[in-house]
């Protein structure tokens, strides 16, 4: 086996692989563990059976009625309205947590994530026929996309298109593995424990623009960075862009956004003549700004409408 690693030392790689050399097995998973996880979710008293049933029925109806992928995407987005009461209860629980210095809302999120992940795994190998579990799984998948995080002015880092890459070979090592006493390693089965969900890595839009500016040497002044940030934030609430983002993938949305950004740069050039000239004269610079805006504006619009 060949291992290509960009960060770790050869000795560390060998040490990590060695325990699994002779064989790896997994402990038997208790199918009833799902009921334990489901019980933990329901104990938070944030979910209502009639709301979950309504979403399930609408989901199945939309699945049957959608003739094209575009039809399904529109129908899928509309299903999130069934989670609104549960989201409101969750937000109220967050408010209570703030007053009592508790984390009950995050424990609910963690328990729901734990159930959804375990069901997604076990349902591939265990033929569950319990409608209650299926309904909770379906509703949970939708609800997890809607649950707000604790107040934070940041946005997800997202992805940035990689246009240049330099690779240097720093060494070639033989890290052959050998049999050791103990033989096969057994991986632990999932436990019944839930817990609060981990917070995703976040950064503010302002910091992201600054980071891209430094990384690619765009030469944006502080004032330019603020101006770019303002255009992105205003784009998020633009009705035409919102409509395009909700029914298109990011690539198709990018065509609409690129036209919008060019018009904005021309219309709002006062005090930024140097930036405007460079935007239209330097194709690489224009591409960097447009790509960053496309990704972040698309992501922010869809997240604000609870679409991942």
With within 23 Å of residue 76 (Cβ to Cβ) and not assigned by TED's automatic domain parsing to the domain that holds residue 145 as the only criterion, which of 222, 295 stands out? 295
Count - residues of region 43-84 that are exposed (fewer than 15 other Cβ atoms within 10 Å of the Cβ), under 25 Å from the mean Cα position of the chain (by Cα) and modelled with pLDDT of 95 or more: 0
What is the number of the single condition among (1) farther than 30 Å from residue 130 by Cβ; (2) modelled with pLDDT of 65 or more; (3) surrounded by 12 or more Cβ atoms within 10 Å (Cβ to Cβ) that residue 21 does not meet? (2)
Just to be sure before I move on: is residue 174 at pLDDT below 75 and assigned to a loop (DSSP other than H, G, I, E, B) in the structure I sent? no
Got at least one residue in region 127-139 being without any contact (Cβ under 8 Å) to a residue 60 or more places away in the chain, surrounded by fewer than 20 Cβ atoms within 10 Å (Cβ to Cβ), over 16 Å from residue 38 (Cα atoms) and assigned by TED's automatic domain parsing to the domain that holds residue 52? yes
Index of the failed condition, residue 306 passing every other in (1) crowded, with 16+ Cβ neighbours inside 10 Å; (2) within 25 Å of the chain's Cα centre (by Cα); (3) at negative phi: (3)
Residue among 196, 207 that alone is modelled with pLDDT under 85, under 30 Å from residue 107 (Cβ atoms) and touching a helix residue (DSSP H, G or I) at 6+ places or on another chain (Cβ under 6 Å): 196
Just one of the numbered conditions (1) more than 19 Å from the chain's Cα centre (by Cα); (2) modelled with pLDDT of 80 or more is not true of residue 128; which one? (2)
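The values are calculated or read from the model by the stated rules, or taken from the named source; none is laboratory data. These numbers were taken from a predicted model, which means no experiment stands behind them. Neighbour counts are summed over all protein chains in view; Cβ atoms, including those assigned to glycine, are modelled from backbone coordinates with ideal geometry.
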